[in-house]
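Below is one structure, written out as structure tokens; the observations come after it.
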Amino acid sequence: MLDPALLRQHPADLAERLRNARGFELDVSGLESLEADRKRIQVRTQELQSLRNSRSKAIGQAKAKGEDVSAIMAEVAAFADELKASEVALDELRDKIEAIALGIPNLPAADVPAGADEADNVEQKRWGTPRSFDFPVLDHVELGARNRWLDAETAAKLSGSRFTVLRGPLARLHRALAQFMLDLHTDTHGYQETNVPALVNADSLRGTSQLPKFEDDLFKTAVGESTRYLIPTSEVPLTNIVRDEIIDADDLPLRMTAHSLCFRAEAGSGGRDVRGMIRQHQFEKVELVAACTAAQSEDEHQRMTRCAEVVLETLGLPYRKVLLCTGDMGFAAVKTYDLEVWLPSQDTYREISSCSNCGDFQARRMQARWRNPETGKPELLHTLNGSGVAVGRAMIAVMENYQNADGSITVPDALKPYMGGLDTIA
């Protein structure tokens, strides 16, 4: 959520910034009308509350003197209904203004390139040279068809489209990748391994900005009176650990990592990537989350992105790093780097990690703060999140980049300690 002062004091300026940066249209006249009503009703509510308090005090004083209080009590009763109606109207207006605020995306950082979509993203670097093959390249679906190690047909019987059953050494490769990433991020990069729930409440999803805007992309469960959501990424529970907390300065930056199942309805995918495991309703990620001060924020973003890069470099997977333009960034992000891994079957780079700095946007929703020792006062944290990396897409990249002419797959050196002695998946 943006600073409410921007909405109250400079709505026209904010609207122009949002239009230019995000293509987002803010209804300034509607907002100003609501704000004017709020101010008017708030003033009247405060007047009535003050009058109630003063007359209540007068009743007490009159009773202490043994005086007749019926006239004063009649006066209080006369404006009690107006006060109640005024308080209800004020709450309704505040809810309407908050609903508008919750639907406004974050403002990009000054160094984010302007652009409409992914075509305007700016490449920052490339690492590794895509392999030249002297045999016809197979995609991960064809490679996984051997012994039905990658089985979409059975998954469709069990659950429907966009699910996959993995078996045998391919299932082990998938597990090995997750274990490798966790070990790298905890032992080398200093993130704290954290195991989090896969079901969260609505407050958690509001905190990280999935609600209310992206509810159609979420899977919801209901048991009796209890409603919860399957997490789209462990960013949600990890980041919400600091919700309604004041963190000590000595504990910052706070860095957490988790391997979890992720669930996305993919309501807006428009039928993209229906073949194989690129875009699934259920997948796994090793997530990186950090909370820090505003002064630490930019350095922490660079560090987090570098941690994700090391995963791909250690696996020997060619990739490129791109800085997303204003039109391609996520709703909550101030700035985002995407890492795109090389997929030989598609002859292109595909996104495997997205590392975003959200500034104080999520923290304001969550009231996640730290105490500044210089002032003794709490200040909003900055929150960051990144894929470190998507496990299924990493497996696809390993399969395709390490494939052999006979359809077997060579196990990368970094994964051999996790593969029970397997050097090749054949």
*asked:* Please list, in order along region 398-404, the HN-Hα scalar couplings obtained from phi with the Karplus expression 6.51 cos²θ - 1.76 cosθ + 1.60 (θ = phi - 60°), rounded to whole Hz, x for Gly and Pro.
replied: 5, 4, 6, 6, 10, 6, 10
_Could you derive backbone 3J(HN,Hα) for region 153-166 from the dihedral phi with the Karplus parameters 6.51, -1.76 and 1.60 (θ = phi - 60°), listing whole Hz in sequence and x where the residue is Gly or Pro?_
5, 5, 4, 5, 5, 6, 9, x, 6, 6, 10, 9, 9, 10
*asked:* Using a 1.4 Å probe on the protein heavy atoms, what percent of the accessible area of the chain belongs to carbon and sulfur?
replied: 47 percent
*Pairs 39/335; 125/285; 125/416; 157/220; 96/335: which exceed 32 Å Cα-Cα?*
39/335
*asked:* With θ taken as phi - 60° and the coefficients 6.51, -1.76 and 1.60, list the Karplus ³J(HN,Hα) couplings across region 294-308 in order, rounded to whole Hz; mark glycine and proline as x.
replied: 4, 5, 8, 4, 5, 4, 5, 5, 4, 5, 4, 4, 5, 4, 5
*Candidates (i) 26.0, 95; (ii) 23.1, 74; (iii) 27.1, 105; which is the computed Rg and Dmax of the Cα atoms in Å?*
(iii)
*Calculate how steeply helix 28-64 sits against the longest principal axis of the alpha-carbon atoms of the chain, using the helix alpha-carbon long axis, and give the answer as 0 to 90 degrees to the nearest 10.*
50 degrees
_286, 88, ranked by accessible area, largest first (probe 1.4 Å)_ = 88, 286
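Applying a 10 Å radius around every beta-carbon, put 185-191, 149-155 in order of their mean neighbour count, most first. Numbers along the way, then the final one.
Values: 185-191: 16.7, 149-155: 18.3.
The densest-packed peptide leads the list: 149-155, 185-191.
So, for the chain, what is the accessible surface per residue at a probe of 1.4 Å, expressed in square angstrom? Let's see the in-between values first.
Working: 20150 Å² over 426 residues.
Ligands and nucleic acids excluded, the result is 47 Å² per residue.
The values are calculated or read from the model by the stated rules, or taken from the named source; none is laboratory data. Because the structure is predicted, anything quoted here is derived from the model rather than measured. Ideal geometry is used to build each Cβ from the backbone, glycine not excepted, and the neighbour counts take in all protein chains shown. Only protein heavy atoms, including side chains, enter the accessible area calculation; ligands, DNA and RNA are left aside. Shrake-Rupley method; radii C 1.70, N 1.55, O 1.52, S 1.80 Å.
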